[in-house]
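First up is the structure itself, then whatever we jot down about it.
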């Protein structure tokens, strides 16, 4: 037995034995014969340990049968309940590993990546890649025995009597029992874990986090896909800047077609902004969704006037320092006069000041005055009301967003449905076509994830 060999492992449901075969911890102890084993217990495993101490008892049994002297040290973490949260586990396990390294200077440390939850296994692999070579880490995997019955979470919750019978009758004590341990290739496994982590960030529309993870792969093994990097940059610009021109510069013609779908280029900015709002709603970022209403309540009526009512008021616009106003040089045009007639009637008693910047209120009055469908007018009015009341409460008061929402008889989902109906009209799409367009980000994400998983 080597006095310079240490095992560090999480404890899982397939430990210490499963169907009369070694679990991973016991199997590593059998074949590597470490001088000491550090076992980290989650809340659930602490409770099992308290009931019968089966894990350390199995190692004691191995010591007696093989004339070994493997010491066990329990690291009890009853506060560790979220055993599937990767980020939390990395910090905890890294901290414990640093203590083990300090207490066993010069020893080689084996990391068992076959016991515990997938997040625990991933945390060990990540740590092995992050820590310096001075730690002398080796990642050990243990394959399942041939024709072995797969254990379930409930297996180790059987009566202690049955567990100890399996320990006593363990088939791996047979002389011809194979060694199922093998050393993992760290870089490959790490890359796969990071790739999956990148994909998870992409699914959550968290492109900056995905980019940071991609940089980690580059930092560790110098391998990176330029195409993945480009796609993530484009996705990040798309969501966080809604800048169509930048996106077009980052993507190929084929990628643009797949990402944007069939939409009038003049409507692309409005479309992108609508997609941004949809993501905020899907991600439950309700405050951002509500704040995002102000720009769309301004732009949507302008596009509606142009594409539905065939009144392109941008042709009579002047962009002033304080906002868009009517261009007095166009006051002799028919459209200018029509707009002023409508607005003068809508703003009694003094009429409309043609030097006044356009607002969602004045634009919706134009929609109304040019004869839009009553259902469309009702949707515009509801959007403006919601934007005025709820957004203003959120913007100007300290309080709960839910309280502001409950002050009107519309939910954010109701608002989104009204927006979708108006978008269908402006984009000249039916509901299914709009649905397909709104899945544009998910389609883009699938493209990105496919490239991520193909990357070396």
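The values are calculated or read from the model by the stated rules, or taken from the named source; none is laboratory data. Not measured: the values here are computed from a predicted model. Neighbour counts run over all protein chains shown; Cβ positions are idealised from the backbone, glycine included.
Odds and ends about this structure:
- For segment 80-96, residues that are in contact with a helix residue (DSSP H, G or I) (Cβ under 7 Å, 6 or more places away or on another chain) and touching a residue at least 12 places away in the same chain (Cβ under 8 Å) total 10.
- Within segment 251-286, the set of residues being at pLDDT below 85, in contact with a helix residue (DSSP H, G or I) (Cβ under 6 Å, 6 or more places away or on another chain) and surrounded by fewer than 18 Cβ atoms within 10 Å (Cβ to Cβ) comprises 261, 263, 268.
- Of the helices (runs of 4 or more DSSP H) contained entirely in segment 313-393, those carrying at least 3 residues that are touching a residue at least 12 places away in the same chain (Cβ under 8 Å) and within 30 Å of residue 288 (Cβ to Cβ) fall at 360-369, 374-386.
- Within segment 79-94, the set of residues being outside any loop (DSSP other than H, G, I, E, B) and buried (at least 17 other Cβ atoms within 10 Å of the Cβ) comprises 86, 89, 90, 92, 93.
- Here residue 293 qualifies as in contact with a helix residue (DSSP H, G or I) (Cβ under 8 Å, 6 or more places away or on another chain), in the same structural domain as residue 416 (by TED's automatic domain parsing), crowded, with 21+ Cβ neighbours inside 10 Å and at pLDDT below 95.
- Candidates 139, 183, filtered to the one that is within 35 Å of the chain's Cα centre (by Cα), closer than 30 Å to residue 17 by Cβ and at pLDDT 80 or above: 139
- Residue count for segment 101-115 under the criterion of being surrounded by fewer than 19 Cβ atoms within 10 Å (Cβ to Cβ) and either touching a strand residue (DSSP E or B) at 6+ places or on another chain (Cβ under 8 Å) or more than 21 Å from residue 135 (Cβ to Cβ) (or both): the result is 1.
- Residues located in segment 418-449, provided they are surrounded by 13 or more Cβ atoms within 10 Å (Cβ to Cβ), over 21 Å from the mean Cα position of the chain (by Cα) and without any contact (Cβ under 8 Å) to a residue 60 or more places away in the chain: 418, 420, 421, 424, 429, 433, 434
- Only one of the numbered conditions (1) within 19 Å of residue 451 (Cβ to Cβ); (2) at pLDDT 70 or above; (3) surrounded by 16 or more Cβ atoms within 10 Å (Cβ to Cβ) is violated by residue 167, and that is (1).
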